[in-house]
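The values are calculated or read from the model by the stated rules, or taken from the named source; none is laboratory data. Just so you know, these numbers come straight off a predicted model, no measurement behind them. Heads up, the Cβs are rebuilt from the backbone with ideal geometry, glycines too, and the neighbour counts pull from every protein chain shown.
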Amino acid sequence: MLQALEQGKQIEREQDHRKELPTALSTSIYANSQKTKPPYFSPVDFCFFHNPEESRIPSDICDAFTELSRDEMLPTWALEYAPVEDLRKNVKGEKARGSRAWMTKGLIVILPVTSGNLVSGMAIASEDVPQGKTLLWDIDTQEAHTIVIPPGTEPGANLNSKWILL
């Protein structure tokens, strides 16, 4: 019972953190524009719900995100919603194995992994995230994949997203 309560609190804190990220990003940009010398602010400096212990993102995801950014394959909105500072912390510089990302307007799945009729991976969603049956394209092979995005999917980054693959 206590474990369920703790998990509920953690989920609520994560949702609150995702909601505060766009404001924190804007605040850090403004604060940095007023400074002339380092150290500069990070969006996390302006977050209330950030838990540093939970921000450890696996290195393979960090490497794939870094490759996509370097190859200029990420839309600008993805950089707004992605936890860029956390992604930079665990980069090992290894080449991503398999598909680096599936993408559609408003949604990117970094390092998608399929298992039967499910697909999982780190998702970055904008406010234009589609709902229901959605076609995503593999950015490396141009192969199409159809998934079902549940209603109520909120903008932000989610490390452990799972969807039904059709």
Where residue 72 falls short, out of the listed (1) at pLDDT 85 or above; (2) more than 17 Å from the chain's Cα centre (by Cα); (3) not small (Gly, Ala, Ser): (2)
The stretch 75-103, residues that are under 21 Å from residue 136 (Cα atoms), modelled with pLDDT under 85 and either among the hydrophobic types (A, V, I, L, M, F, W, C) or touching a Ser or Thr at 6+ places or on another chain (Cβ under 7 Å) (or both): 96
Number of the exception - residue 135 against (1) among the aliphatic types (A, V, I, L, M); (2) surrounded by fewer than 18 Cβ atoms within 10 Å (Cβ to Cβ); (3) within 13 Å of the chain's Cα centre (by Cα): (3)
The stretch 33-44 residues that are at pLDDT below 85, paired with ones that are charged (D, E, K, R) (beta carbon under 6 Å, 6 or more apart): 42/85; 44/85
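To keep it simple, each residue is scored yes or no on (1) within 30 Å of residue 45 (Cβ to Cβ); (2) among the polar types (S, T, N, Q).
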position: 74; (1), (2): yes, no
position: 79; (1), (2): yes, no
position: 89; (1), (2): yes, no
position: 93; (1), (2): yes, no
position: 99; (1), (2): no, yes
position: 119; (1), (2): no, no
position: 132; (1), (2): no, no
position: 141; (1), (2): no, yes
position: 151; (1), (2): no, no
Exclusive hit being exposed (fewer than 14 other Cβ atoms within 10 Å of the Cβ), part of a helix (DSSP H, G or I) and not β-branched (Val, Ile, Thr), set 37, 9: 9
Any chance residue 17 is buried (at least 17 other Cβ atoms within 10 Å of the Cβ), free of Cβ contacts under 8 Å to residues at least 60 places away in the same chain, touching a helix residue (DSSP H, G or I) at 6+ places or on another chain (Cβ under 6 Å) and not polar (S, T, N, Q): no
Subset of the stretch 1-37 (residues that are farther than 20 Å from residue 85 by Cβ and among the hydrophobic types (A, V, I, L, M, F, W, C)): 1, 2, 4, 5, 11
